[in-house]
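Remarks on the structure that follows.
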Amino acid sequence: MSARAFLLGHLVLALSATAAWSSVRVVAPSGAPYTTIQAAVNAAVDGDVVLVHAGTYAGFNVLSKGIELVADPEGSVTINGSIEVNQVFAGKRLSMSGFHVQDGVVFVGNSAGSIRLEAITVLPGAPPPLWERVGLRVGQCTDVAILRCSLSGADAENLTPGSTPGPGLRLELNSNVAVYDSQMRGGRGSDAFTQGTHYYPPLRGGAGCQVQISGGAFFSGSSIEGGAGGDGLPGFTGQPGGVGLVVNPGSTAYALDNVIVGGPGGSGGAFPGAPTSGVVTDLPGTRRVLTCNTHLRESNSLTLGLQGEPGDLVWLNAGQTARWALDLPFAGVRLVGLGSRRLFLGTVPGSGFLTASLPFGDLGPFVQSRTFHLQGFFRDVGGASHHGSGAVVVLLDSAF
């Protein structure tokens, strides 16, 4: 056995020492204990995993539970409708990964616990109600991380007075939110039209992201784009595109190595939207990235992809708890909780990409799953340290 394999095995054994009696609730269109996600969520208790096999399902809500919701495989589960997560209390942890939300939106609110959304795609599609036009809305949450997500706001509905485009992401009501390696796009503004003798002007595009909070907002390695402005009638001016990132007065957003642009203007000479509005504090340097699968079966190895600057020394922070702590000296947010372990993985080569493997053994008798919170930690050639992006990995018994 190599020294690296021994150290990795020691790390996993140390993290897995705590007894776990949680259950895995399996959902599938047929042949599983549950055929709807809502039924599995209703039956789940804190610590359980809701494992959803490929298929199309109705929307659902999670209330006052700390559970893991996993699409198996990632990206194979479509939700026709909306998802609501509410009242994840302090000390509880909820993660959701791999879902594609079609013709619906996602709301996460009123939670003091840790919430992790990973590899979630939101496409509102058919016009939702005016108050639900945001792809993802986060309100009054103290610990949220958005990882590798793609979030679109609803387009305004043409020929419908009062229809407005929505932002891809809205942060509000004293929430602490870290966004890593994600895409946000505002909805398209409606075009000008006439009804009888009344003229309805076009609307500008929606914002890529709106920050309406006095908590903390951190963005790293993400694309934030305003929606396109609506077209004018022949001979009339269209509307500007939406602003990329809107930060309301009294709030501050921290940004590291993002692409932030306004949306294109509508036809008729309209200008593109501005990249940002409000106070956005740009941090120097480049993003550091950790990527891996959202889940795996026992007795397998997890492949880790690390992106950094050539010469970076790379560690993995790993634990079974989560937290949110803005750490600007290290250019990021600490996402892994107290009691985590740190493992040296290697040095980033000239390509800027380092690959490592983390082996997991057998879960042991009566243990159906464990959840691990991971985050990359980098030290550059000048001695400065950087928090990379994070991930949540659910280890499953091979029976599932």
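In whole percent, how big is the carbon plus sulfur part of the accessible area of the chain, probe 1.4 Å, protein atoms only?
Numbers: 8670 of 15600 Å².
Heavy-atom surface of the chain belonging to carbon and sulfur, 1.4 Å probe: 56 percent.
Close amide H pairs (under 5 Å, H built 1.01 Å from N) link residue 301 with 360, residues at least 5 positions away or on another chain. By the gyration tensor of its Cα atoms, with a ≥ b ≥ c the square roots of the eigenvalues, what is the shape of segment 260-321: rounded for a/c under 1.5, prolate for a/b over b/c, or oblate? The shape class here is prolate. Report note on the peptides 144-155, 325-336: ranked by the mean count of other C-beta atoms within 10 Å, highest first, their order is 144-155, 325-336.
With the highest mean first, a sort of the peptides 238-248, 57-67 on other beta-carbon atoms found within 10 angstrom per residue produces 238-248, 57-67. Helix 3-15 and the long axis of the chain differ in direction by around 80°, with both axes built from C-alpha atoms. Read phi for every residue in segment 282-292 and hand back ³J(HN,Hα) as whole Hz from Karplus 6.51 cos²θ - 1.76 cosθ + 1.60, θ = phi - 60°, with x for Gly and Pro. Taking θ as phi minus 60°, the curve returns 7, 9, x, x, 10, 5, 10, 10, 10, 10, 6 Hz for segment 282-292. Under a Cβ-Cβ cut-off of 11 Å, what is the net charge of the residues other than residue 364 that fall near it, where Lys and Arg count +1 and Asp and Glu count -1? Residues close to residue 364 contribute a combined charge of -2.
Could you go through segment 353-368 in sequence order and give the Karplus-derived ³J(HN,Hα) for each residue, using 6.51 cos²θ - 1.76 cosθ + 1.60 with θ = phi - 60°, rounded to whole Hz, and x for Gly and Pro? With coefficients 6.51, -1.76 and 1.60, one gets 10, 10, 10, 9, 10, 10, x, 10, x, 6, 5, x, x, 6, 10, 8 Hz. Can you give me the C-alpha center-to-center distance between segment 287-356 and segment 68-88, rounded to a whole angstrom? If you average the Cα positions of each part, the centres end up 24 Å apart.
Taking the chain as a Gaussian network of alpha-carbon nodes connected by springs under 10 Å, the highest mean-square fluctuation of the residues 136, 51, 338 belongs to 338.
Looking at the chain, the accessible area is 39 square angstrom per residue; that uses a 1.4 Å probe and ignores ligands, DNA and RNA. Restricting the chymotrypsin sites (Phe, Trp or Tyr not before Pro) of segment 184-239 to loop positions (DSSP other than H, G, I, E, B) with no more than 16 neighbouring Cβ atoms within 10 Å leaves 236. When peptides 34-45, 312-323 are ranked by their average number of other Cβ atoms within 10 Å per residue, the highest-first order is 312-323, 34-45. Loop-located GluC sites (Glu not before Pro) across segment 41-107 with a Cβ neighbour count of 11 or fewer within 10 Å are lacking, with loop assigned by DSSP. Using the Cα gyration tensor of segment 64-104, with a ≥ b ≥ c the square roots of its eigenvalues, what is the shape: rounded (a/c below 1.5), prolate (a/b larger than b/c) or oblate (neither)? Oblate is the answer for segment 64-104, as a/c is 1.5 or above yet b/c matches or exceeds a/b. Taking other residues whose beta carbon is less than 11 angstrom from the beta carbon of residue 155, and scoring Lys, Arg as +1 and Asp, Glu as -1, yields +1. Only DSSP H runs of four or more residues enter the estimate; each adds -39500 (n - 2.57), and after division by the residues of the chain the mean residue ellipticity at 222 nm equals -1500 deg cm²/dmol. Per residue, the Cα convex hull of segment 82-228 amounts to 88 Å³. Here the chain is treated as a Stokes sphere of Kirkwood radius computed over C-alpha pairs; at 10 °C and 1.306 mPa s its diffusion coefficient rounds to 73 µm²/s.
The values are calculated or read from the model by the stated rules, or taken from the named source; none is laboratory data. Note that this is a predicted model, so its numbers are computed, not measured. In this analysis, Cβ positions are derived from the backbone assuming ideal geometry, glycine residues included, and neighbour counts consider all displayed protein chains. For the accessible areas, the whole protein counts, side chains as well, though only heavy atoms, and no ligand, DNA or RNA atoms are used. Shrake-Rupley method; radii C 1.70, N 1.55, O 1.52, S 1.80 Å.
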